[in-house]
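Have a look at the structure below before the remarks.
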Amino acid sequence: MKKDKLLRIAICMAVMIALVLLIKANVTFSKEPSGGSNLTSRVLETNSELVQKIYSKLTLFNDSLSSDNYKHAYFKMDDNEKELSIEEKLYITIEYMYENGLFDIEKIDDKKEKTKINADRVIDQARNLFKGDSIDAKSINFQPASSCGIVGYLYTGTDYEFTFKKCDPKLEISRTELKSAKKEGNYIILRVKSFYASYKKKSKKEKEDHYAIHNYNSDEELFKIPSSQLKEKIELISETHPIDDYDFYFELRGENYYLTKIVHLPVQ
């Protein structure tokens with residue numbers, strides 16, 4: 001009897017230890033100490049569900065509105081690091097709502113549309129996209145675009161009124177490639193390689209129109225691609241030319257990750 005009792009105790013202890021180890025191994029969104037030099041770094045698969053879910057939050061890589069004041073919002077930085085401004089967050093929120101059909105749109109003509117949205121709805125959506133950030137409708141100094149995108153903006157105190165004008169998609173083309181992902185403490189860091197191509201009409205000395213390839217935050221023209229060759233060559237540019245990298249930091253807040261800062265890693 002005594003041996004049976006000891007055997008049962010040993011089995012129970014073994015089961016409890018196995019359960020503890022299993023739970024630890026499967027905790028995905030556990031908080032870890034932030035800061036310090038003892039943070040461990042773990043490489044993540046770029047095609048994993050978690051990484052792809054976070055990557056999909058970077059809506060401005062394929063923004064529908066393409067407003068000329070904010071279309072490069074991720075990359076506009078004085079130094080090599082930035083946090084999004086409150087105006088940029090509003091633009092991202094409107095882009096997200098526009099893309100997902102979260103407000104009614106009235107067509108003005110073939111190129112223009114307008115909408116009127118309750119400001120509280122917009123601010124609530126912004127707080128959802130950027131959890132933990134303080135966003136006050138009255139403090140936003142949003143600048144409408146001069147040519148296309150969000151060309152009209154008015155805050156009435158209760159509503160936002162926006163006017164949208166379609167941009168010519170051929171005037172500028174951007175490409176972004178997710179290169180790697182890693183987890184450090186409460187952050188997941190996505191490294192991307194990104195550039196844009198601006199359309200240029202041919203000069204008298206040239207045979208055809210072309211696209212000038214640029215890194216963001218630089219007026220330097222890296223090289224040209226004839227318009228007729230753009231489609232076949234643009235996908236290879238990041239592998240064959242000096243294109244800059246950017247690290248996007250997503251912080252764990254609650255049970256989800258939210259974009260908090262962007263770091264520019266220029267090609268050396």
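What to note about this one:
- Failed criterion for residue 61 (all others in (1) assigned to a loop (DSSP other than H, G, I, E, B); (2) under 21 Å from the mean Cα position of the chain (by Cα) hold): (1)
- Looking only at region 223-268, and only at residues there that are touching a residue at least 40 places away in the same chain (Cβ under 8 Å) and of a type in the set (Asp, Glu), the one that is nearest to residue 186 (Cα to Cα): 251
- So residue 71, is it surrounded by 15 or more Cβ atoms within 10 Å (Cβ to Cβ), part of a loop (DSSP other than H, G, I, E, B) and modelled with pLDDT under 85: yes
- The one condition in (1) surrounded by fewer than 12 Cβ atoms within 10 Å (Cβ to Cβ); (2) assigned to a strand (DSSP E or B) that residue 114 fails to fulfil: (1)
Residues checked against (1) closer than 22 Å to residue 158 by Cβ; (2) of a type outside the set (Phe, Trp, Tyr); (3) touching a strand residue (DSSP E or B) at 6+ places or on another chain (Cβ under 9 Å); (4) without any contact (Cβ under 8 Å) to a residue 60 or more places away in the chain:
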| site | (1), (2), (3), (4) |
| --- | --- |
| 61 | no, no, yes, no |
| 78 | no, yes, no, yes |
| 107 | no, yes, yes, yes |
| 139 | yes, yes, no, yes |
| 145 | no, yes, yes, no |
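- Of 57, 31, 5, all but one fail to be within 30 Å of residue 136 (Cα to Cα) and at pLDDT below 85; the exception is 31.
- Within region 131-187, the residues that satisfy the criterion of being of a type in the set (Phe, Trp, Tyr) and more than 20 Å from residue 55 (Cβ to Cβ) are 142, 153, 155, 160, 162, 164.
- Looking across region 76-96, the residues that are among the polar types (S, T, N, Q) and surrounded by fewer than 18 Cβ atoms within 10 Å (Cβ to Cβ) come down to 80, 85.
The values are calculated or read from the model by the stated rules, or taken from the named source; none is laboratory data. Because the structure is a prediction, the values reported are computed rather than measured. All Cβ positions, glycine included, derive from the backbone under ideal geometry; neighbour counts span all protein chains shown.
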